[in-house]
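Structure first, commentary second.
The values are calculated or read from the model by the stated rules, or taken from the named source; none is laboratory data. Just so we're clear, the structure is a prediction, and the values are computed from it rather than from any experiment. Every residue, glycine as well, gets a Cβ built from its backbone with ideal geometry; the counts of neighbours run over all protein chains shown. These accessible areas exclude ligands, DNA and RNA; they are computed on the full protein's heavy atoms, side chains included. Shrake-Rupley method; radii C 1.70, N 1.55, O 1.52, S 1.80 Å.
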Amino acid sequence: LPPNPPGPLEFNGTKLVNDRDHPWKPLQKGDIRGPCPGLNTLASHGYLPRDGVATPTQIIQAVQEGFNMDSGTARFVTYAAHLVDGNLVTDLLSIGGKTKKTGADPPPPAIVGGLNTHSVFEGDSSMTRGDDFFGDNHSFNQTLFDQFVDYSNRFGGGFYNLTVAAELRHRRIEESIATNPQFDFTSPRFFTAFAESTFPYTFFVDGRISDRTSAGLDMPNATLFFRDSKFPNDFWRPPAPTGGTGALEIFSAYPIAAGRNINGVNTFTPDPTSADFSNICLLYTNFVNRTVKGLYPDPKGVLRRNLIINLGYFYDAFGAADTCPEQFPYGTL
Ligand code: HEM
Ligand code: MG
């Protein structure tokens with residue numbers, strides 16, 4: 001049985017996380033990294049298995065311990081990723097590409113492709129990774145990182161903060177509209193894009209710095225996290241559990257409807273069936289009834305049982321029981 005999710009941290013203040021028990025190590029043959037600089041860093045420091053294949057429990061524990069991500073956000077993001085990218089029978093998820101290490105595959109249309117899988121979780125207009133259309137949606141992209149630095153210099157005095165986040169998010173969306181004929185900015189990417197824009201100034205800034213949000217992330221440390229999957233020397237995690245606040249402010253600076261390029265570049269068209277900030281419940285219901293159900297139209301046995309269990313953990317993490325009823329596409333146990 002997939003175990004119950006781990007609870008919140010017992011001690012949830014700041015502390016040294018680049019410690020002697022968690023040294024950075026270079027990649028060994030076969031080690032997997034992917035589109036998420038947070039998880040990459042945790043794997044390269046041994047908070048996650050260094051080969052990049054982990055259980056949801058290990059991921060939730062690692063993001064809490066290493067970055068003080070709050071329990072609700074950690075569980076929501078992790079079970080979302082596991083449901084679409086992980087192996088629900090072996091309970092293993094690759095933080096990058098597809099691998100045999102996650103075990104035998106369920107029947108198609110299931111993918112079990114790890115976090116690199118395009119469009120079920122990973123999506124377009126990332127800050128430091130290219131759009132899937134251009135051939136690599138997961139590797140550190142120096143050209144895009146140069147733009148990240150340029151925007152931090154122009155709008156943040158050399159630091160990535162909320163102001164920079166809003167400008168760069170807008171810029172990356174405009175770039176994708178103008179250059180990626182398959183640009184897709186519908187839910188869940190619509191939400192993860194704005195949420196992930198908050199993560200660098202939330203999680204990559206030392207916990208001992210006061211007023212951390214406005215202080216922002218300096219470029220040497222940004223380079224360590226994004227490119228090298230490496231904590232700065234003497235790095236302390238944030239002083240309190242957080243999910244990365246400011247996503248709505250970043251959206252509100254340049255509001256855009258959820259949508260996609262429907263007929264080549266510069267044909268961005270709103271999709272009214274996508275969830276957006278005015279209908280958060282739809283983020284949950286569409287993810288369950290379209291994305292997960294699309295991958296698992298008719299599961300049997302242990303697979304069905306584990307889908308039901310993981311969907312339950314996902315719904316609990318969503319935390320909107322009063323306004324958004326639970327969905328049971330596979331019935332109940
Ligand atoms: C991006 C998964 C936690 C920081 C991503 C992406 C995935 C992902 C799939 C790629 C989305 C895309 O850009 O197309 C996860 C999962 C987590 C998690 C399953 C489990 C809780 C974290 C944490 C941090 C973090 C704790 C920070 C410490 C980021 C950032 C990006 C990102 C900054 C955007 C990268 C960019 O736009 O270039 N994550 N993540 N993530 N993640 Fe994570
Ligand atoms: Mg991406």
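For a 4.7 Å threshold on C-beta separation, the list of partnerless cysteines in the chain reads CYS36. Solvent exposure of the chain, expressed per residue, is 42 Å² of accessible area, with all protein chains present and a 1.4 angstrom probe.
What net charge do the residues around LYS98 carry, taking every other residue with its C-beta under 13 Å from that of LYS98, with Lys and Arg at +1 and Asp and Glu at -1? Within the 13 Å Cβ shell, the charges total -1. The base-10 log of I(q)/I(0) for segment 166-324, evaluated at q = 0.20 Å⁻¹, reads -1.23 [Debye formula, identical scatterers on Cα atoms, solvent excluded].
With a 1.4 Å probe and all protein chains left in place, how much of the accessible area of segment 122-269 comes from carbon and sulfur atoms, in whole percent?
Numbers: 3080 of 5920 Å².
Carbon-and-sulfur percentage of accessible area, whole number: 52.
Take SER152: with every protein chain present and a 1.4 Å probe, its accessible area is about 0 Å². Between PHE277 and GLU326, the modelled labels are 3.1 nm apart [label points 7 Å from Cα along Cα→Cβ].
For ARG304, ARG237, ARG33, write out the residues from largest to smallest accessible area, computed with a 1.4 angstrom probe and no ligands counted. Present the calculation step by step, with values, prior to reporting the outcome.
Working: ARG304 85, ARG237 0, ARG33 40 Å².
Of ARG304, ARG237, ARG33, the descending order of accessible area is ARG304, ARG33, ARG237.
Spin-label pair ALA257-SER214: with each label point 7 Å from Cα along the Cα-Cβ axis, the two points sit 3.7 nm from one another.
Coupling constants for segment 173-187 follow from the phi torsions by the Karplus curve (6.51 cos²θ - 1.76 cosθ + 1.60, θ = phi - 60°), and in residue order they are 5, 4, 4, 5, 4, 7, 10, 10, x, 9, 4, 10, 10, 9, 4 Hz; glycine and proline get x.
Amide H contacts of ASP31: none lie under 5 Å away among residues 5 or more positions distant or on a separate chain (H built 1.01 Å from N in the peptide plane; Pro and chain starts excluded).
With N as its number of residues, segment 215-298 has a Cα radius of gyration that, divided by 2.2 N^0.38 Å, comes to 1.58.
One chain, two ends: ASP146 and LYS29. Fully extended at 0.36 nm per residue, the span grows by 39.3 nm beyond their Cα-Cα distance. From its DSSP helices (H runs of at least four residues, each -39,500 (n - 2.57)), the chain gives a residue-normalised ellipticity at 222 nm of -12000 deg cm²/dmol. Extension gain for LEU9 to THR57 (0.36 nm times residue separation, less C-alpha to C-alpha distance): 16.0 nm.
Distance distribution P(r), segment 41-176, all Cα-Cα pairs, bin width 10 angstrom from 0: 12, 33, 36, 16, 2, 0 percent. Extents of the chain, taken as max minus min of Cα coordinates on every principal axis and listed largest first, are 54, 50, 43 Å. Surface calculation, 1.4 Å probe, protein heavy atoms: THR245 sits at approximately 100 Å² accessible.
Taken along the Cα-to-beta-carbon direction at a fixed 7 Å, the label points for ASP21 and ARG290 span 4.3 nm.
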